[in-house]
Amino acid sequence: QVQLVESGGGLVQAGGSLRLSCTARGSIFSVNGMAWYRQAPGKQRELVAAIFSDGSTRYVDSVKGRFTISGDNALRSVYLRMNSLGSEDTAVYYCAGTVRHSDHGPPSDYWGQGTQVTVSS
């Protein structure tokens, strides 16, 4: 019912910047929260940043001060601005969201397809 469409990944040199975008499409009543996760080769997937419907945000310690998550008021589109990238940031980045399809229905989780970010040294 819902698709999360990601874009903005690519190859960047160390010290450079990228901005990832995620847009929710489909039957959506409201969005409770959106997040970016990443998974590096041989490592467990980790939460990078999250934004909630009240406007609050959270970040993993390793990206604080370098990455910024933002979105529109309804969280239908979410962005991750990544600055001062290093090789440790190389990973597949995934958009995730918690969505309600009706006022009284339960929330459901959705994942994007992932977008590759590669930081060269």
Could you calculate the contour length gain from L47 to N32, that is, 0.36 nm times the residue separation minus the distance between their Cα atoms, to one decimal place in nm?
3.8 nm
Accessible area per residue, 1.4 Å probe, Å², for the stretch 26-121: what's the number?
52
Solvent-accessible area, 1.4 Å probe, carbon plus sulfur percent, for the chain:
46
Give me the Debye-computed log₁₀ of I(q)/I(0) at q = 0.22, 0.23 Å⁻¹ for the stretch 15-77, equal point scatterers on Cα only, no solvent, two decimals.
-1.00, -1.06
Measuring from its Cα centre, the chain shows a charge dipole (+1 at each Lys and Arg Cβ, -1 at each Asp and Glu Cβ) which, in debye to the nearest 20, is 140
Under 5 Å from the placed amide H of G86, counting only residues 5+ away or on other chains, we find G15
Can you work out the Karplus-derived ³J(HN,Hα) for every residue in the stretch 34-45? Use 6.51 cos²θ - 1.76 cosθ + 1.60 with θ = phi - 60°, whole Hz, and x for glycine or proline.
9, 8, 10, 10, 9, 9, 8, x, x, 10, 6, 5
Using a 10 Å cut-off on Cβ atoms, rank the peptides 100-107, 5-12, 34-41 from the highest mean neighbour count down.
34-41, 5-12, 100-107
Can you give me the relative contact order of the stretch 25-121 as a percent, contacts being Cα pairs under 8 Å and 6 or more apart?
31
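The values are calculated or read from the model by the stated rules, or taken from the named source; none is laboratory data. Values in this document were obtained by computation on a predicted structure and should not be read as measured data. So basically every Cβ, Gly included, is an ideal-geometry build from the backbone, and we count neighbours across all protein chains shown. When the accessible area is computed, the model is the full protein with side chains, heavy atoms only, and any ligands, DNA or RNA have been set aside. Shrake-Rupley method; radii C 1.70, N 1.55, O 1.52, S 1.80 Å.
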